[in-house]
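Heads up, the thing below is written out as structure tokens.
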Amino acid sequence: MADLSKNDEAVAAALDVPVQRGEPILQVRNLQKHFPLTQGILFKKQVGAVKAVDGVSFDLYQGETLGIVGESGCGKSTVAKLLMNLERATAGEVFYKGQDITKLSGRALKAVRRNIQMVFQDPYTSLNPRMTVGDIIGETFDIHPEVAPKGDRRRKVQELLDVVGLNPEYINRYPHQFSGGQRQRIGIARGLALNPEIIICDEPVSALDVSVQAQVINLMEKLQDEFNLSYIFIAHDLSIVRHISDRVGVMYLGKLAEIGTDEEIYEHPTHPYTQALLSAVPVPDPTARANRDRIILTGDVPSPANPPSGCRFRTRCWKAQDKCSTEQPVLAIPERFRGQDTLAAHESACHFAEERDVVHAG
Amino acid sequence: MLLEVRDLHVEFHTRDGVAKAVNGVNYSVEAGETLAVLGESGSGKSVTAQAVMGILDMPPGKIPKGEILFKGQDLLKLKEEERRKVRGAKMAMIFQDALSSLNPVLSVGEQLGEMFIVHKGMSKKDARAKAVELMDRVRIPAARERVGQYPHQFSGGMRQRIMIAMALALEPELIIADEPTTALDVTVQAQVMDLLAELQREYNMGLILITHDLGVVADVADKIAVMYAGRIVEQAPVHEIYKAPAHPYTRGLLDSIPRLDQKGQELYAIKGLPPNLLAIPPGCAFNPRCPMAQDVCRTDVPPLYEVTESPVPRASACHFWKECLHG
């Protein structure tokens, strides 16, 4: 064990993981988004709400990557939209340099958005098919003209294409002339154009082929080092998230179930949902299939319009007891691990948090 | 041998020219065995399966050459009418996207029952009872109440179970599953794969699993065929291929996926892009992306070299398979 941690330190040093965190660049506090459910045509009456995001809090530090994982419908993409203020939050705050983004509008919001950019999942639908690559990337300078003076824009776009590994001569081509991986590079170039500090990536590689995924992931890591970017990396592929993230948050039905460093989450998960999620991931190693600890959950994710009382995971949890249906667990370091020098001591929203290694073959 | 595909070629005649989607594929499956066909989009894995099922759109598709032997009988020589009797009854297919593969205006009970009415001449009432039985078998809770519901009323995992039920209806000997879990979340994916494996054991069916996910393959397959640009580039028992790949493409794929159980350094990335099927590179199709490519790779198409013989044969279509295997 001692050897292992020494090894990890070496890896951390090699990967240039920020050890000293300093001030967070983005602080998210109790963020909520409820989409109203209405009935009636003429007189719309609200009959309920889909609680897509229901009280999420986390910090993002300079230069780090925070991964957010969860199944479809858990609210991870809504979180991304809330951070950009593309959706208005129902409640809660997002502080960027002391300013609450959720309250901003107009010119102040535009100024903040320059520093927070987004890369979308589907490179086929997120690029306008009638615009050339030069116009797609250059459009950002029309909106924020202070970044590049008019005469300099073309050169700037070519520079960006070069940075993301595309031939600068492709500036006059249209999106359909590129492959999926190349299109995603265009999307990344657009995200970089304004020299942002934070890039929110919503499933940036899930539409790409396996052999192209690695190219894009490597590019994103390179750019992060070069420009000291902070990433929020949203994905459902747990292996990719582990690879790229410094810290990882696991979401379930609009709430964070567990959050910690990649080692804490993957090697020492304490929330049963994280454990189930990790154990369900197929590992590309046939020798591991016999002796891996697999937890197969029953049933589906409940509807976010009518989430279970107490702990939201209890309907699928094998550890659930009476307490779980009455008392909502808070996201905090579990009492039994508090003050202990163990990697299990990280925030987990479970009454019966317990460490279990599900990733390694027993 | 349950199914044997021999030297299959499929091409598509398009406005821009002839796209050679499948260029001489050989594989076989026995009863109770799982063959995984692994490849990226455009590698020809799904087209091969469609040719086997006989659901290829012709034209524009065309099969200029090859044999598909099902229990010794060449399916390509059958008349469409005879072919239809095989399809569904002897071999069935599970598609990736259950929502678009199911008819949205018919209840699931009608869609499941249709199989029995068409193939077995059952009455509507008996067919409905059979549908309930099938839904029970794929573990859909409250089958009796849900048999009258429509596809949109089911969750993604439940819909995929209905697809499986439909494929199983006539107790086929061979099932082809084309990316059966790609659209599902991991926890549901595990449920569905488990169910599929269990049913396969129960009925001793042959299973062809088409996927791009190396993790899923490792979990369930007995043997694996890796496809690239319409050809099988490596074929091997599943344990051996992960231990020591004998083709640079397989090696590249294995190195380029991040692992859940270890935090790696920079990922290995296969350079370049998959080839355009209208203009497959001469020689080995992988040569422009291959780190080991030499002059011979740019001129000579490598045959499928035999790597080891018994018990399960292993083959690689690389001139330098020895170097790859040991390097």
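For residues that are crowded, with 19+ Cβ neighbours inside 10 Å and of a type in the set (Lys, Arg), scanning just region B:265-316, find the one that is nearest to the other protein chains (Cβ to nearest Cβ).
In this case the residue turns out to be B:Arg289.
Could you please tell me which pairs satisfy a Cβ distance under 7 Å, a separation of 6+ or placement on different chains, a first residue in region B:188-213 that is free of Cβ contacts under 8 Å to residues at least 40 places away in the same chain and more than 10 Å from chain A (Cβ to nearest Cβ), and a second residue that is among the hydroxyl-bearing types (Ser, Thr, Tyr) and outside any strand (DSSP E or B)?
Sorted first by the residue in region B:188-213, then by its partner, the pairs are B:Val192/B:Thr181.
Residue pairs, Cβ under 8 Å, 6 or more apart or interchain, first in region A:291-309 and more than 9 Å from chain B (Cβ to nearest Cβ), second among the basic types (Lys, Arg). List them.
Cβ pairs passing all conditions: A:Asp293/A:Arg356; A:Pro302/A:Arg312; A:Pro304/A:Lys51; A:Ala305/A:Lys51; A:Pro307/A:Lys51; A:Pro308/A:Arg314.
Might you let me know whether region A:187-195 holds any residue that is polar (S, T, N, Q), at the interface with another protein chain (Cβ under 10 Å from one of its Cβ atoms) and either closer than 20 Å to A:Lys76 by Cα or surrounded by fewer than 19 Cβ atoms within 10 Å (Cβ to Cβ) (or both)?
Within region A:187-195, none of the residues are polar (S, T, N, Q), at the interface with another protein chain (Cβ under 10 Å from one of its Cβ atoms) and either closer than 20 Å to A:Lys76 by Cα or surrounded by fewer than 19 Cβ atoms within 10 Å (Cβ to Cβ) (or both).
Please verify whether region B:214-226 includes one or more residues that are surrounded by 23 or more Cβ atoms within 10 Å (Cβ to Cβ) and more than 13 Å from chain A (Cβ to nearest Cβ).
Yes, that holds for at least one residue.
For residues that are facing chain B (nearest Cβ under 8 Å), modelled with pLDDT under 80 and part of a helix (DSSP H, G or I), scanning just region A:271-290, find the one that is surrounded by the fewest Cβ atoms within 10 Å (Cβ to Cβ).
A:Arg289
Go through region B:6-31 residue by residue and tally those that are part of a loop (DSSP other than H, G, I, E, B) and under 14 Å from B:Tyr228 (Cα atoms).
0
Given (1) over 18 Å from the mean Cα position of the chain (by Cα); (2) part of a helix (DSSP H, G or I), identify the lone condition not met by A:Gln224.
For A:Gln224, the exception is condition (1).
Take B:Val37 and tell me if it is buried (at least 17 other Cβ atoms within 10 Å of the Cβ), of a type in the set (A, V, I, L, M, F, W, C), within 19 Å of the chain's Cα centre (by Cα) and outside any strand (DSSP E or B).
No, not satisfied.
Among the candidates A:Gly165, A:Gly181, which residue alone is within 14 Å of another protein chain (Cβ to nearest Cβ) and not in a helix (DSSP H, G or I)?
After ruling out the rest, the residue left standing is A:Gly165.
For region B:142-175, give me the residue count where each residue is part of a helix (DSSP H, G or I) and among the aromatic types (Phe, Trp, Tyr).
Qualifying residue count, region B:142-175: 0.
Please count how many residues of region B:291-322 are closer than 17 Å to B:Pro237 by Cα, of a type in the set (D, E, K, R) and part of a loop (DSSP other than H, G, I, E, B).
Qualifying residue count for the region: 1.
Go through (1) surrounded by fewer than 21 Cβ atoms within 10 Å (Cβ to Cβ); (2) hydrophobic (A, V, I, L, M, F, W, C); (3) in contact (Cβ under 8 Å) with a residue 60 or more places away in the chain and name the single condition B:Val118 misses.
Tallying (1) surrounded by fewer than 21 Cβ atoms within 10 Å (Cβ to Cβ); (2) hydrophobic (A, V, I, L, M, F, W, C); (3) in contact (Cβ under 8 Å) with a residue 60 or more places away in the chain, B:Val118 fails exactly one: (3).
I'd like the full set of residues that are surrounded by 19 or more Cβ atoms within 10 Å (Cβ to Cβ), more than 9 Å from chain B (Cβ to nearest Cβ) and not acidic (Asp, Glu), limited to region A:224-246.
A:Leu229, A:Ser230, A:Tyr231, A:Ile232, A:Phe233, A:Ile234, A:Ala235, A:Ser245
The values are calculated or read from the model by the stated rules, or taken from the named source; none is laboratory data. The shown structure was predicted, so the numbers you read here are calculated from the model rather than taken from an experiment. Cβ coordinates were reconstructed from backbone atoms using ideal geometry, including for glycine residues, and neighbour counts include every protein chain displayed.
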